[in-house]
1. Here is a list of conditions, (1) among the acidic types (Asp, Glu); (2) at pLDDT below 90; (3) surrounded by 14 or more Cβ atoms within 10 Å (Cβ to Cβ), and GLU678 meets all of them except one; can you say which number that is?
2. For GLU314, are the conditions met, namely being at pLDDT below 85, closer than 25 Å to GLU462 by Cβ and not hydroxyl-bearing (Ser, Thr, Tyr)?
3. Got at least one residue in region 895-910 being modelled with pLDDT of 85 or more, outside any strand (DSSP E or B) and of a type in the set (A, V, I, L, M)?
4. How many residues are over 21 Å from VAL829 (Cβ atoms), of a type in the set (Ser, Thr, Tyr) and touching a strand residue (DSSP E or B) at 6+ places or on another chain (Cβ under 7 Å) when one looks only at region 726-774?
5. Please pick out the residue among LEU758, LEU712, LEU763 that is touching a residue at least 60 places away in the same chain (Cβ under 8 Å), of a type in the set (A, V, I, L, M, F, W, C), assigned to a helix (DSSP H, G or I) and touching a His at 6+ places or on another chain (Cβ under 8 Å).
6. Considering region 715-729 alone, what residues qualify as being at pLDDT below 90, of a type in the set (S, T, N, Q) and either surrounded by fewer than 12 Cβ atoms within 10 Å (Cβ to Cβ) or not in a loop (DSSP other than H, G, I, E, B) (or both)?
7. Among residues belonging to region 241-288 that are among the acidic types (Asp, Glu) and assigned by TED's automatic domain parsing to the domain that holds LEU212, point out the one that is nearest to ARG217 (Cα to Cα).
Amino acid sequence: MFAWVARFLGRVESRLVLSAAIIVSLLPFEWVPRFDALFLALFSIEFGLRVLLVFRGEALHAHGSARGVTPTEAELEENRGWQWPSTGTLVLMLFDLLALLSFVPSLVGLDDGDAQTRWLRLFRLTRMMLLLSYWAPLVRDVWSVVLRHERAKQVTLMGLVVLSLSFAGAVVIDQLRVDDEELIDFDGDGEFGLDEHGQAVDPDDERFVVHLWWAFRQIQDPGNMMSSPEQIAAVVVSVALTVFGLFLVSFLIGLGTDVVRELMELSRLRPPGLHGHTIIVNIDPSTQRLLHELLRYSRKLLPEGALSRAWLAELIRNTKRGIKGARYLVVGRSHDPPDFLRQPELARIIYREVHVEDQTFLVRTDVAEAQRVVLLADLAAEDPDAATIQSLLTITESLREADEEARRRDSLWGLPSRSRRARMLIAEVLDESNVPAARAAIAGDGSGRDSARTRAFVVPSERLIALFVACITRRPGVGRLLEELLTSHGHELYTMFFDLPGLAYRRPLERGLGDDAGEVMGELIRRARSLASTERVVPVGVLMAGEGGADDIVVHINPEPDFSSVSLARGLVADVADLEDLEDVEDVEDVEGAAKLRRAAGSGQCLGFVAIADNFARVRELADDLHDRARAQVPADLTGSPKLGPFVCADTTKLHRVLVCGFRSGTVSMVESLIQSEPQTQILIMLRDQAAVDAAWDNFDAHTKLIERGLLRGHHGRFRVDENQRALTWLNPDDPSAPSDRPHVHLVIGDWSSSRQLTALPLGFGHVGTMDAVLLISSEHVGSDARTSKTLMKLETLTQAPRIVAEVLDVELARRLRKRGVEQGSDRVHVYSIQELRAFFMFQSVVVPAFDLVYTELMGPWGQSFVQLEPDPSAARLTGTCTFEELANHLSLDDRVLCGVELCHDSSPHQHSSRCRTSLHVADAGSGSDSIDLEQLVDVWVISSD
């Protein structure tokens, strides 16, 4: 509580209000006493809070923190509990109390002009001293900068020189007496010369003190130079002092510039005074894109419609930061902020130069009061993951100490620890093999000091990029869908946890949803379609508790929904029974029994769900409905299913022969994903030199050892090594003893930018045109993008056969290459920036907790993933219209979840060409209404196991 009070009084807004009130209360106007009651109430509250902080010692502790000095254990022990302030502080508090009493006489009816009470008003002047106290950090900065040793010597020297020259000029004027006829008006009062008696009209013009002041004014203001050169001595002195004054002004300008520059530097060393903000640590090429996505997502939280009470209520509900908007702080190592922070959109983002290992990091970034900390991989480090793990150790231990101190302060009042929202710590790890070590750094030392206020997530960005590339390679067109889901544009995939520490939404379900994922899915679909909101919510999965503890979350994507509790299944089957492909269905009971057998049931309590929506407010609306509306009040999903023809899977890329050029640590996961999708594939990995081959070999070996030791879980298999042939065979974890005719992976040395090499690939792979796919893997080395561009041009001239997926670093280069492919009408070349992909995944980690569990499932070749379906060309053409829900019900009969539809706008009905202009509409009908024009339907995207 004390820390909150100190932070509240220290806010700029509070200081501005109090400063304005002090100044207004001292104005000598007749209308000011009318507000004495208001001033008394405001100043009394502020005085009471300040007295509380003074006797509690919080102000001293806060000032120490503001200086950027971490308190020692002895200082912490000394500041514990109540303490008696200094005598000077007590005297100032007494005068401040008298200043408060000065408002009382006019309120109790005493005469405001009574001298017995009016003298109390003089004590109001003591509140002027509080103005300096309110702005003490700024005053201390100016004082410390001006009085630094070297600068203090310069200022003192210039002051002595000014005084010396002024004294010398006065002496010259005084000693060289001017004639009476040539008296000069030294004091500037307009009176000089002699009267009729021969006496000086103004005797002050002959005084030494007046001459001294005149000489001082000549130095300070060149405009005071004599306008009439009648008195030679005075003219010489005036010119000399004026010339020196010009040099003095130049010196003062330079001195002032240095002072301002140092004040700006000192301001960067101070805490920003933020609360509930997001800290982004480390600056890399993906940081700019990440900030743009975060800010654009913040703007999406603005509700639609006119300004009203409901509009403001939804705005505050969407973001706890209210109308101030999102607050972000970027931490880097360079003295100057990066250039992109000078852009108008990013100008409000605060920058701090500090290293995580610096003891002032926690103070200068207000980490203890942050809502989340995003730790990006330091790509400039020799071992980025090692630097990340070290930073995690420092941050987590420091945060635990800060939380322990907060709990100790609460215990001094005998009160239980406050229930405060836990902060989130999101760390990016490049190599998936380092994820267990990163989690161990977060978990603590087992001493029971683990902070309940920090919840951490580790994001294996390289693995996610690898799965993205493998998914793009397998399924043409999926990149368009993933780009909308991964960015702040359009719709996103959201995870909703009912009661997870660290998240803003925490409403545990009282009634529960059971432990059957299919029943939960059916309940979510019914409620989502019965909501009054015009924005569609599409449930796609269920989050269940695993058997590995509180942090074990199992994602069930597309469990077959069970509507048997509301008899909806009977209605659906009745509609479907007329279709030709379900002639073998005898009765409804068999269908329901088969559905329950096929359903993937959860193994524990339901923790939440996964849904596609335009923003998180729609998902939260569905979660609130689970609390507020009983199941009996939810209508059955009577949407039904139209009599549509069958849909078939669109063509996918054959992966029997794949050429991979280049290697990164995540390439192992990409290769594994390709083998899982096509067990008979042959992958040729071409590397530049023997060192690259050895590094790749070590990565495959490390992957296998982690699996053998139980440190890498999930859909992973070991690689069997053939040292003689430099080949590897992937072993299916479900059937490790299954025979394999030949190795899956071959490692060779070659130059993939050479036409000669591409036309005669090693190990008998032949011409590159015989490959099914070519993958160009980027690296962080200088010249990687140029090499990739050269290879793409070579491939374009050599063959038009294989599907090409290329990685580059530069975002603009990737866009130019993609645009070039579109203009040529080719859909076989896809180029992506790995820095942009890394920004997308880190953006998702900020707004979607545990997002990697969902996307790993959806982009992987196992289980449920994104599948493109198109109307069966052998069946009757689709005509008419249907709603999005009706189409979703039709596809759900084959255990498919509808995500989006792709419509053609250029061609006439039933004449869709491969080059027609199409638009993808995720969770939307796309026609401005709620109906889908089936004549323009090109294909649909679903989540399925096909």
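The values are calculated or read from the model by the stated rules, or taken from the named source; none is laboratory data. Owing to the predicted nature of the structure, the values given are computational and were not obtained by experimental measurement. Note that each Cβ is placed from the backbone with ideal geometry, even for glycine, and that neighbours are counted across all protein chains shown.
1. All conditions are met except number (2).
2. no
3. no
4. Final tally of qualifying residues: 2.
5. LEU763
6. Passing the criteria: only ASN724.
7. ASP258
This table checks each residue for (1) surrounded by 19 or more Cβ atoms within 10 Å (Cβ to Cβ); (2) modelled with pLDDT of 90 or more.
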residue	(1), (2)
LEU622	yes, yes
VAL634	no, no
LYS643	no, no
VAL648	no, yes
HIS656	no, yes
GLY662	yes, yes
